[in-house]
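The structure appears right after this line, and notes come after that.
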Amino acid sequence: MGTAAGAGALRLPGLHGYAVEFSPYCPGRVACAAAQYYGMAGCGTLAVLEQNETGIVLLRSFDWNDGLFDVTWSENNENMLITCSGDGSLQIWDMAKTKGPLQVYKEHTLEAYSVDWSQTRGEQLVVSGSWDQTAKLWDPAVGKSLCTFKGHEAVIYSTVWSPHIPGCFASASGDQTLRIWDVKTPGVKLVIPAHQAEVLSCDWCKYDENLLVTGAVDCSLKGWDLRNIRQPVFVLLGHTYAIRRVKFSPFHATILASCSYDFTVRFWDFSKPNPLLETVEHHTEFTCGLDLSLHNRGQVVDCAWDELVKIYTPSCLAVAV
């Protein structure tokens, strides 16, 4: 099992972590979206943390009147973040202010479960996904959604922008599909029957515009080449419960990480005959949030329902792979 180098941990008492994301601006700064009572009832909190020489410190926290399920940093303002919540709304927060939110967008009719800010320069677009089976496109400067994308036949769990193609995003759903959308066209571009189970997460490869990965309730990760979707280009097995989130490495073209309801985080190299590089077991509850740092090579953050946020470098990423 894996050992974590340079590890730090912070407990958020009474809060169960759903999502974490490294700041694109400040190395070691992390946002965590969390909920009371496992997201079933109660309030939510956006916690902004930072790792320093002594450990992880809490810089700011903002409360919302429903559980927070995802968080994304602005790509043009180092202090701005967006969260989404159980009441179907999106909240815009400014870390420079002590209170918030600055704005609330309430259009989804059920839980808003996913939110992502586009990384493409020149456009400030946010996509959200909801249990109401729709994805919505937002410009944070505009008070209402720009477009609603319909087609999924069940809950949308994950919405992620392509890092390569402007205006293109992917969505993963309880209808067992991965779908590709273009904001310039109202209908779905591509429907991939990815698993014979609910698909909880997806991510784009940072090095290949045609490659995505999905993680599902069937405990498998599958790689998909958009030029030929008849069968996956890789299948990764090892998790023993549903895979909650999956992330490609920003530094290695063939490495990715996944976290699961089996309490573990696993690191994979899908180019190797034995792809499982490492299993990190340092949580005692469902592990829901996961991100890899763009600034510090090999650094990982995760969060779980055990109230802990952890920043660490797994041994498999501490050496050149």
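Considering each of Lys144, Lys136 in turn, give the residue that is open to solvent by 30 Å² or more (accessible area, probe 1.4 Å), basic (Lys, Arg) and either under 17 Å from Thr72 (Cα atoms) or assigned to a loop (DSSP other than H, G, I, E, B) (or both).
Working: Lys136 fails: open to solvent by 30 Å² or more (accessible area, probe 1.4 Å).
Exactly one residue qualifies, and that residue is Lys144.
For Asp87, state whether it is open to solvent by less than 20 Å² (accessible area, probe 1.4 Å), under 23 Å from Val142 (Cα atoms) and of a type in the set (Asp, Glu).
Values: open to solvent by less than 20 Å² (accessible area, probe 1.4 Å): no; under 23 Å from Val142 (Cα atoms): yes; of a type in the set (Asp, Glu): yes.
Criteria not met by Asp87.
Please give the strands (runs of 3 or more DSSP E) falling wholly within the stretch 190-291 in which 2 or more residues are closer than 20 Å to Ser173 by Cα and modelled with pLDDT of 95 or more. Quick ask: steps written out before the conclusion?
Numbers: elements: 199-204, 211-216, 220-225, 234-237, 243-248, 255-260, 265-269, 276-280.
The qualifying strands (runs of 3 or more DSSP E) are 199-204, 211-216, 220-225, 234-237, 243-248, 255-260.
Can you say whether Tyr261 is hydroxyl-bearing (Ser, Thr, Tyr) and surrounded by fewer than 19 Cβ atoms within 10 Å (Cβ to Cβ), as far as the supplied structure shows?
On the way: hydroxyl-bearing (Ser, Thr, Tyr): yes; surrounded by fewer than 19 Cβ atoms within 10 Å (Cβ to Cβ): no.
Answer is no for this residue.
Would you kindly identify the strands (runs of 3 or more DSSP E) lying entirely within the stretch 17-110 that contain at least 1 residues that are hydroxyl-bearing (Ser, Thr, Tyr)? Steps first, answer last, please.
Numbers: elements: 29-35, 44-52, 55-64, 68-73, 80-85, 89-94, 103-106.
Qualifying strands (runs of 3 or more DSSP E): 44-52, 55-64, 68-73, 80-85, 89-94, 103-106.
Somewhere in the stretch 109-117, is a residue out of contact with any Gly (no Cβ under 9 Å at 6 or more places or on another chain), in contact (Cβ under 8 Å) with a residue 24 or more places away in the chain, under 15 Å from Glu75 (Cβ atoms) and open to solvent by less than 60 Å² (accessible area, probe 1.4 Å)? Break it down stepwise before answering.
Filtering the stretch 109-117 down to residues out of contact with any Gly (no Cβ under 9 Å at 6 or more places or on another chain) leaves 117.
From the residues that got through so far, the ones that are in contact (Cβ under 8 Å) with a residue 24 or more places away in the chain too are 117.
Checking the rest, the ones that are also under 15 Å from Glu75 (Cβ atoms) come to 117.
Remaining after also requiring open to solvent by less than 60 Å² (accessible area, probe 1.4 Å): 117.
Yes: one or more hits.
Would you point out which residue out of Ser293, Ser249 is among the small types (Gly, Ala, Ser), over 23 Å from Val199 (Cα atoms), open to solvent by less than 10 Å² (accessible area, probe 1.4 Å) and under 15 Å from the mean Cα position of the chain (by Cα)? Walk me through it before giving the result.
On the way: Ser249 fails: over 23 Å from Val199 (Cα atoms).
Testing whether each residue is among the small types (Gly, Ala, Ser), over 23 Å from Val199 (Cα atoms), open to solvent by less than 10 Å² (accessible area, probe 1.4 Å) and under 15 Å from the mean Cα position of the chain (by Cα) leaves just Ser293.
The values are calculated or read from the model by the stated rules, or taken from the named source; none is laboratory data. Here the structure is a predicted model, which means the values were calculated and not measured. Here Cβ is always computed from backbone atoms with ideal geometry, including for glycine, and neighbour counts include all displayed protein chains. We work out accessible area using only protein heavy atoms, side chains counted, and drop any ligands, DNA or RNA first. Shrake-Rupley method; radii C 1.70, N 1.55, O 1.52, S 1.80 Å.
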